[in-house]
1. Could you give me the percent of Cα pairs per 10 Å distance bin for the range 42-98, shortest bin first, beginning at zero and ending with the bin that holds the maximum distance?
2. Below 14 angstrom from the Cβ of Leu130, what's the summed charge of the other residues (Lys, Arg +1; Asp, Glu -1)?
3. Please sort 89-101, 43-55 by packing, taking for each peptide the average over its residues of neighbouring beta carbons within 10 angstrom, highest first.
4. Length gain on complete extension for the stretch Lys105 to Gln71, per 0.36 nm per residue less the alpha carbon to alpha carbon distance?
5. What does the C-alpha gyration tensor say about the overall shape of the range 95-139? Classify as rounded when a/c is under 1.5, otherwise prolate if a/b is larger than b/c, or oblate.
Amino acid sequence: MAVSGVNNNTSGNYIPTTNANQSGTDAANASLNYDSFLKLLVAQMKNQDPTNPMSSSEQIAQLATFSQVEQTIKTNTNLESLLQRTSLSEANSAIGKTVTSADGKTTGVVKEVTLYSDGIVATLDTGKTLVIGPGVKIK
């Protein structure tokens with residue numbers, strides 16, 4: 001089995017790859033943003049007008065909103081990871097199968113697949129490449 005994440009294929013088309021460290025980066029940015037939010041909240045509390053302070057309900061609403069954003073980022077990170085695993089499984093299942101392009105002009109047995117962020121490109125036994133997408137027949 002050969003699954004790779006190269007940035008271009010033999011047809012010369014550039015297809016960006018998915019960064020495996022993206023999820024970790026998103027999580028780091030979320031905690032950085034959370035820390036930044038807390039710093040801003042403390043600064044806001046220090047600099048508020050003592051005669052007209054922020055109500056506790058406003059503070060709680062701000063914390064709850066930011067907590068929701070943080071949970072959404074974590075959920076998105078988990079979904080991205082799941083999508084990557086699903087794409088790898090799909091790519092693996094195409095190896096050794098006969099594929100035919102949507103227009104019927106390209107046919108061959110898949111020897112290798114390259115996984116990109118926006119799809120799968122199969123390298124056939126004929127040396128040609130074929131984007132696995134709508135209309136492609138796999139036998």
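Taken together, the values in this text are just the output of simple stated rules run on the coordinates, not laboratory data. Nothing here was measured: the structure is a model prediction, and the numbers come from that model. Here the Cβ is made from the backbone with ideal geometry for all residues, glycine too, and neighbour counts use every protein chain on show.
1. It works out to 18, 23, 18, 15, 12, 8, 5, 1, in whole percents.
2. Charge balance near Leu130 sits at +3.
3. Numbers: 89-101: 15.0, 43-55: 8.9.
Packing proxy ranking, top to bottom: 89-101, 43-55.
4. Full extension from Lys105 to Gln71 adds 7.5 nm.
5. Oblate, because a/c is 1.5 or more while a/b does not exceed b/c.
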